[in-house]
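Read through the structure below, which is laid out as structure tokens, and then see the notes.
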């Protein structure tokens, strides 16, 4: 059985390789991460516009640079040169600090993401892992740093002095906090099977089977949560233009708005990189190509596999935006608290039971799996069927006079009208008289009007 074949990462390489780099190498790593994220953001903006254009049978950017690749750079320069406006009612200090608070955590979270194995630095004899640093609780560090980014959004909406910006900030904070709970619960099953919270050791524990395959429910829960966490469609409710004009960044312009925009796209890359690290084997080559090509997981090749998996998740973000409509806010929060979180708790109990049975061998696994399957079916039945009856009972009665047609007017008695509209016809021989102002003296009708009447 696959679930039993995975062993904890006790024999995986430890954290001894980290913290040994010279200062110049640490500086180069940090600079490379910054450059990669900025370039990746420019590419992701171009990719989103091209993919959505293809979905909508349009061309998309194709003028600036080859295939329009420099369009994002041109838009960024144009945005930076726009007039910088600060509302009169804004708290200027907090208003200026909020975009910075939202952007910096987005960069910091990549410090514990492994891009590849240990490699030799070109033109030197120094060996170093393709990762800035690691720690025993690296995944918890990512969750904690991501939570700090919420402060930038909340402070940006509050300091603007605008009601709609404040509503967008409150929506965003409630949404991100709610889906962070489900996201954290999705990680628990990974911790149980990897035996560690270190990102490098979690990747090492997936050298045989990816956790996205053997822990598929956790993977699905995380994918839903990461879309809600990044405020992307169909969960882009803090920026609902039809209700809030633009959300928490309505009053922002120029570079400050660009920082919020940059933070959103880097957060997309962050959750995609975390999904790759925890569920898709990290920098390991996909499809077990290493059994055919022995050097696929050595050198700098794993960096390409890692970036390919990240771009796969970025494409899913874009695909969802071009496909699904925006959810209603109460439906979105209802789905997070009453669907994802309870199912995550049930799945954690199931994984813990299977893990205990596989390690100790004291329980017949067949009966255990059958019992867990029955429990899952009952759980889903209670939550989905019970909720549908509840919604039917709470449905609002249709107002009188709108029966069969609320809120859309009823159809014509003979059904839908087909074909062209009937030709308009007017009575002949009729003269229309202009309505005169009450203050004017009524003029006597002319002889032509008397004859026509």
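Observations on the structure shown:
- Selected residue [surrounded by fewer than 15 Cβ atoms within 10 Å (Cβ to Cβ) and within 14 Å of the chain's Cα centre (by Cα)] from 319, 288, 293: 319
- Residue within the stretch 100-120 that is without any contact (Cβ under 8 Å) to a residue 24 or more places away in the chain, surrounded by fewer than 18 Cβ atoms within 10 Å (Cβ to Cβ), over 20 Å from the mean Cα position of the chain (by Cα) and not in a helix (DSSP H, G or I) present: yes
- Scan the stretch 81-95 for residues that are touching a helix residue (DSSP H, G or I) at 6+ places or on another chain (Cβ under 7 Å) and surrounded by 12 or more Cβ atoms within 10 Å (Cβ to Cβ) and the total you get is 7.
- Taking the criterion of being under 22 Å from residue 265 (Cα atoms) and part of a loop (DSSP other than H, G, I, E, B), the residues of the stretch 58-83 that qualify are 60, 61, 62, 64, 65, 69, 70, 81, 82.
- The condition (being in a helix (DSSP H, G or I) and free of Cβ contacts under 8 Å to residues at least 24 places away in the same chain) is satisfied by just one residue among 42, 31: 31.
Quick grid of which residues meet (1) surrounded by fewer than 18 Cβ atoms within 10 Å (Cβ to Cβ); (2) at pLDDT below 90:
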{"site": "1", "(1), (2)": "yes, yes"}
{"site": "13", "(1), (2)": "yes, yes"}
{"site": "16", "(1), (2)": "yes, yes"}
{"site": "21", "(1), (2)": "no, yes"}
{"site": "32", "(1), (2)": "yes, no"}
{"site": "36", "(1), (2)": "yes, no"}
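Every residue, every condition in (1) over 30 Å from residue 131 (Cβ atoms); (2) modelled with pLDDT under 90; (3) surrounded by fewer than 14 Cβ atoms within 10 Å (Cβ to Cβ), yes or no:
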position: 314; (1), (2), (3): no, no, no
position: 325; (1), (2), (3): yes, yes, yes
position: 330; (1), (2), (3): yes, yes, yes
position: 349; (1), (2), (3): yes, yes, yes
position: 355; (1), (2), (3): no, yes, no
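- Selection of first residues in the stretch 272-292 that are over 17 Å from residue 216 (Cα atoms) and of second residues that are part of a helix (DSSP H, G or I), restricted to Cβ pairs under 6 Å at least 6 apart or on distinct chains, gives the following pairs, ordered by first then second residue: 273/310; 283/302; 283/305; 283/306; 285/305.
- Within the stretch 296-310, tally of residues that are at pLDDT 90 or above, under 27 Å from residue 189 (Cβ atoms) and surrounded by 16 or more Cβ atoms within 10 Å (Cβ to Cβ): 6
- Taking the conditions (1) free of Cβ contacts under 8 Å to residues at least 40 places away in the same chain; (2) under 21 Å from the mean Cα position of the chain (by Cα) in turn, residue 37 satisfies each one other than (1).
Okay, residues lined up against (1) modelled with pLDDT of 90 or more; (2) within 18 Å of residue 274 (Cβ to Cβ); (3) surrounded by fewer than 24 Cβ atoms within 10 Å (Cβ to Cβ):
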{"residue": "163", "(1), (2), (3)": "no, no, yes"}
{"residue": "167", "(1), (2), (3)": "no, no, yes"}
{"residue": "179", "(1), (2), (3)": "no, yes, no"}
{"residue": "190", "(1), (2), (3)": "yes, yes, no"}
{"residue": "196", "(1), (2), (3)": "no, yes, yes"}
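The values are calculated or read from the model by the stated rules, or taken from the named source; none is laboratory data. Remember, it's a predicted structure, so these values are computed and weren't measured experimentally. Glycine gets a Cβ as well: all are built from the backbone with ideal geometry, and neighbour counts include every protein chain shown.
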